[in-house]
Structure formats: C-alpha cells, structure tokens
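Written out below as structure tokens is the structure these notes cover.
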C-alpha cells in the first residue's frame, strides 16, 4: 500500500515521530504529549481488560455445570464483581476516549495538543492510582457486592473490601472528569482555522458528546461512593433503613451516573464506526447533521432514563412510567444513526478489510442489543426478565458486540497512523470473524436462558439451563481465543510489519495528512480547513451513472 | 532572582486565548462540582420531605453563632479574592498579594472555628452512633448529612487555601507572574465556588427550627 | 489609594455589604414563626446571595455567552437530578400504605408500594 497524493496535501513533517522524541522512562512517565498519554492509557486499559477477562473466564468455567463445583459461592461472587468493576471503570469508560480520543482529537481538529496537557497526564495517573486501589481490593480478598454496590448490603452486611474498591472507582472517576473537561475545552478552543463545528469529523462530535456526559454524570457517582464508604467505615446512617434511610435513594444516585455511563461507553464507539464505514464504503456519511443531532440527543436524553434500572426495586409506578416512556424515546436517535450508517453503505464501493469487518459487526450487534433494550424499557416485560441473563445478554451485545468491536475497528484503522506499521490483514480479518462468531455463541444463548428464567449472578442453577450455559461458556473460550490474536499479530507488526505511508487507507481527515507516526508537533504547518469531512464522493455523484457513461456493461 | 516561569504554554499560541481556555475549563469543572454537591443536597431534600419535623428539631442543635460567623468570614474572603483577581488584572501587584493573603487568613479562620464547632458537636453527642443525643432515628440522618456536607466542604476549602496560598507566596517571591496569569482567574473562581456552596448550606444546616 | 484600586474596592465592597445585609436578614427571618415559609425565605435569600457572588464576584455578568451556557447547563442538569428523583420520592409517599406497620426486627418494611 502506498501513499496517494491528494490535492492540497500538507507538507510531510521532517521532525522525528513522537515515538522517537525521547527514549527514557521519564520521557514517557512525565510526558505531556497527548499521543504518548494515549499509549500509556492503551497499555493500562489492555492490562485491565485481560484481568477482567480472566475473572469472567473462571466464572464461565464454573457455569459449565449446574452445581457450583469449581468455585465457592463467595469466590464466584467476588469474581463477577471484579469482572464488572474492572471492565466498566478501567476498560470500557476510558477505552475509546482516553486512547483514540486522546491520540486523535487534536489531530482531527488540527491542533498541536489538548487544551490542558499537564491535566491530561494527571488524569492518566489518577486512573493508575484508582486501578491500584481496586487491585488491592482484589488481592486483599475481593468484593462481593456486584459492580453496582447496592446498599444496604455494601454498607452494612458485606464482609469484603468494599471501601478499597469504592475508593479505587472514586479516584478513577476524577480521571474521567478531568479528561472530559480537557476534551470539551480542546474542541471549543483549539480548532484550526476553517474547522467549523459542522466540518468536524463525527468522531470529534462523539468524543465531545461523551465528554459532556463524563463531566455531568461522574460527580454524582463520586458522591455516591463517598457515601457508601462513609456509611460503611464511620457508620453514619445515610441509606440505613433502621434510621429512616432509603436504599432506593442510593439506586437513584448510582444509576443517575451509571445509565449515562453506558452512553460514555457507546458514543465514542459510534464515532469510530462513522469514520470507518465512510472510509471503507468510499462514501460521504448519509445525513451528517442528523448524525450530530442524534449523538447530542443520545447524550442529553440518556440522563433522563435511569429509573429503568429500578422498575422492580420499589420505585413508584408513576416514576416508572415516566422513565419507561423516556427509555423508548432514547432509542430513536440511536436508530437514526443505524439507518444513516446503512444508507452510507448503499451504493458504496465496500472493502472488507479488518476495520470494516469490525464496524459491520458493530452495526448488527449494536442493533440487536438496542432492540432488546426496548423490550427492557417495557415495564411488563422487564418485570419478568430483570435480573436474568436476558439483561446480561442485552448489555453485552451493546458493550462487547458494540463498543469492543468498535474499539478493535479503531485499533486496526488507526494502527498505521499510531505506530507507523501495517499489520497482516488476513490474520486481522480472521480474528474479526472469529470474534463475531465467538461473541454470538457466548451471548445469544444467554437471551434464551434469561427469557426462560435463569437468574444472573447465580452459579448454581436448575439443570434445564445447562445446555445454554454450556453453549455460552464454549463460545466464551472461542471469544477469548479471538481476543488473544490481535496482541500477537499487532505485536508482530511493530517489529516486522511494513512501514505505513501517511495515508494507507486513502482516507480523508486531518490525521491522515501528517506522517505516520506523527511528529511531536502533529503537523509541520498549521492546517487550514476548506472543506467538510468525508470527501469520498462528490455531491450528486451517482456511481452507476458514472460507469455507464464510460461504456461499462455493469 | 530568576525570571518568573513563563505563563504562555503549549498548545496555546496567544496568552489571551489561553486565559479564555482556562476560564472556560474551570467553569466546566465548576458545573461538575455543582452536581457533586447537588447530590448531597438532593439527599437532604428527599430526607427532609420524608421527615420534616425531625429535621427541624435536629437543626436546632447546630451552633448558629459559629455558622453565622463562618458565613460572614467566607463571604469576606470572597471579597478579598475578587479584589485580588481584579487587582492582578490591573497589574497592582502589592494589592493582589495582600488580598490573597487576607483570603488565606479568612479561610484559616473558617477552619479554626469549624474545628471548635466540631469539638463542641462531639461533646454534645451529635455524632451519629450509640450515644447520639436525639431520640428520633431520622435525626441521625440529619447529622450524618451535616458531618458529611461540612467535611467535604472543608476539604474543598483546604484545597482552595493551597491554591490561593501558592499564588500568594510564589507571587510574593516573584516565582510566578500574577498579571495576566490564567491561574489567578482559575483560583478565584474555585474559591468563589467554595463560598457559594457554603451560602447554600448555611440555611439548610443552621437556620432550621430557630423560630 | 489609586483611583483604580478605589474603584475595585468600591464595586466589590458594595456587593460584600449587600451580602452581609442579606446574611443579617436571613438570620433574623429564621427567628420568625413563618411555618413552612421559613425554609422558602432562607433559600430565596441564599439564592440572591449566590446570584450576587456568581454574577459579580465570579464575573458571569460580564462573561460571554459560552460561559453563561456552561453555568446554565450545570444548573439544568442538577434540576434533572432533583426533579426525576423527587418525583419518585414524592409519588412513593402518596401511594404509601395508610395503615402504619409495626416494624419488627425480622423484616424491615419501607414505606413504599408493596
């Protein structure tokens, strides 16, 4: 693959790449370069991803049989809790924003760095410290409350290291807030001349919307965790029913963050998908403006639906109805995006390289996950399937089928830009397809098991559910194998991969106009933007008319 | 004496833009702080709606004088902080440093009085637990919220003292430049937030049940 | 004192005096027997004090619209938290079982729809 000279190309920078600007440990640990910080985050979240994966592998292993013969009850509870805590706060929430967001946001808007580079480095240290705190909780014996820390079990009855885990998440929350503040300020203040809001790539809009959610939702989680810690440690009654405390208030505060948190996890993924689909279908995105409104709409409406997690907790029927209605409404902008991605594919010249395979996988799996969300928004159905594997399957379809697929799409799409190397695409395609099959094998049986009544978080279950559990656990090991492939061939590419030119995919976007990898300063000269994003096909261009006019028989 | 550290830093190309950016950034952070404290206020509101008479009776036990003097002190520190920030912009270095110092002193005064107040509260058995002074269970929730809200506020205030003190000391030593420095505006806005939170807490904690 | 310094002290000092007056007002009003309006008066006066600090000390009065939007967004989001949560809290109280239950120590019953 070679570079393509596109009209209006920026000069190739002559400075060493950001990877070569200093080889000492402190040049990495004290860096303020957003690209290096992105890599620091990438290493951190990959570490936590594999830890969370090991935990759930043990869980799935135990679930091969209906009796709890592999793990004790307590150990089982601690493992699924650890899986949830680590995956949510130390992988999913930071994944795309802190890695690709950090690396690409300044590049995509034509800036030299984020608005507050030292704050950026500090936010990485915060997640590291939070991570160590949570790891301590694990090593000291674990936590068994579930990632949701519901009171009064977490505050009054659990005998595990709740405080350490809650503290770890609390600290990580400030990493989130700092990142959000940084990205919002960067987007407002550092766009290159000519880069107006509606010329921004959708990935930038996605990161911006995500940052709004991070800033507004995370503080509520922070306080909630403080209250759990204080009640548990100092016995100050807040949620204790003996004193008139209301455990449901904990749930209100917890889910006020945790529902928007899932939009923190999915919005950046949507941004990645928009970048990849346009490039590999060689088409401008269909309905750019509505894609923007949809993302902002998801971010805002996502704050109005949290009570759908509490339909069976004792929430008043009146509030439940309000939340149910709003939960149906929030599906609309997501659906608009799925329609627009599909329309973007229409009459495209579709290539099936690895990033596109992951993005197409996202489309299908996110749609299934989203549709099952509608079932859950309906109170009568939710009453039956809540706290069953139906819910587990629903959120894994979106978070794993959706966000993790998009993470891999982005990883493969931007790998040449970040590392300057090309990976072997056949291996990547194989891993993508294996992942798709492994994923569905793991999680589709869970829909059925849950619908039939298998509760979540149980490791002893009635034998009639065993067939679904065996399918699911087998699928999990296929999925695990698929996850182990990318580190192998991507690692291989770092040493033996062909060096990438500045634009191996022939993509549009400012990040592709600079070298691969970029220099410390990002651009040799500050870019001046004259056109909108996704200039893949001109306005009014109809491929069939074009080919017919050239005497093509097709 | 070495020259003060440069104020303009990458990726900003002009100081005016950097200051705009810093001001914008701190306001975004303040919005998040509003949600942080707001969650506690929500809990207070919900529990008060559920237990109005108990909250009023419990509120009577807080020390109105300490609360009021502290409110006055903090509002005065907001005055000195505002003057310091505007003096810095007008390049009045001595006035800036004196006012920053006064802000720190008033803030310390707040903490000292708070310390005495806490000691008195402990003596009066107003710490939720076995020997709690009031009978009604919900009164313990009022006081749990009292301790948590005022402690978290005090922590924020202490951080603020660090920020203001740093400007005062390094500014006096000429290690940092105070004029046109975005850090001054950022510190000032943070300090005012600490005051705003206390202004909201004051009636909720100290003015209940006084009639 | 230079004219500039005097202007700064004057502008901010007036706000400070207003804040102290309001503090005195709210302190006195708390001692009056206004029933449910005690809370209202206290919060309204607190609101005015907050507005003074925010608009003048924090300069929101002379900030550009983007900053005002940020401040308004924070307030609006807090309102979302309050309104939707209190909807549930208040609606639960209204559907409460009117017959008070004896709280035993085996089963804590919460005043929610059962």
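Readers should treat all values here as calculations from the given coordinates under stated rules, not as data from a laboratory. Owing to the predicted nature of the structure, the values given are computational and were not obtained by experimental measurement. We place every Cβ from the backbone using ideal geometry, glycine too, and count neighbours over all the protein chains shown.
For the reader, a short list of remarks on this structure follows.
- Extension reserve of the residue A:43-residue A:23 stretch, reckoned as 0.36 nm per residue once the Cα distance is removed: 5.5 nm
- Enclosed volume per residue, in Å³, of the convex hull spanned by Cα atoms of segment B:1-54: 129
- Global geometry of segment B:61-131, whether rounded, prolate or oblate, following the gyration tensor of its Cα atoms and the 1.5 cut on a/c: prolate
- Solvent-free Debye scattering, log10 I(q)/I(0), computed from the Cα coordinates of segment A:341-434 at q = 0.25 Å⁻¹: -1.19
- Potential lengthening of the chain between residue A:378 and residue A:159 amounts to 75.3 nm, from the contour at 0.36 nm per residue minus the alpha-carbon distance.
- Remark: C-alpha extents of segment B:113-211 on the principal axes read 57, 24, 19 Å, sorted largest to smallest.
- Degrees separating the helix A:288-301 axis from the principal Cα axis of chain A, which is the longest one: 20
- Using alpha carbons only: equivalent-ellipsoid semi-axes of segment A:91-140, gyration tensor based, whole Å: 28, 12, 5
- The mean sequence distance of close C-alpha pairs (under 8 Å, at least 6 residues apart), as a share of the length of chain A, puts its relative contact order at 20 percent.
- Computed over the protein assembly as shown, the convex hull of the alpha-carbon atoms projects to a mean area of 39.8 nm².
- Helix A:425-451 axis versus longest C-alpha principal axis of chain A: approximately 30°, rounded to the nearest ten.
- Mean-position separation - Cα centroids, segment C:56-96 and segment A:332-385, in angstrom: 33
- Helix B:93-123 axis, angle to chain B major axis (alpha carbon atoms, nearest 10°): 20
- Separation of alpha-carbon centers, segment A:162-223 and segment A:231-269, rounded to whole Å: 21
- Calculated SAXS-style log₁₀ I(q)/I(0) at q = 0.20, 0.23, 0.26, 0.27 Å⁻¹ - segment A:423-474, Debye, Cα scatterers: -0.68, -0.80, -0.94, -0.99
- Once the chain from residue A:488 to residue A:122 is taken as fully extended at 0.36 nm per residue, the excess over their C-alpha distance is 128.7 nm.
- Convex hull volume of segment B:15-206 per residue (C-alpha atoms, cubic angstrom): 102
- Segment A:32-549 shape via C-alpha gyration tensor axes, a/c threshold 1.5: prolate
- Relative contact order computed over segment B:15-206 (Cα-Cα under 8 Å; 6+ residues apart), in percent: 35
- Segment C:1-62: C-alpha gyration tensor shape, a/c 1.5 cut-off, then a/b vs b/c: oblate
- Spin-label pair residue A:525/residue C:80, simplified geometry with 7 Å Cα→Cβ offset, distance in nm: 4.4
- Estimated distance in nm for a label pair at residue B:60 and residue A:313, the labels positioned 7 Å out from Cα along Cα-to-Cβ: 3.5
- A crude spin-label estimate for the pair residue A:466 and residue A:346, with each label 7 Å from Cα along the Cβ direction, gives 5.0 nm.
- Between segment B:116-139 and segment B:10-64, the Cα center-to-center distance that results, in Å: 26
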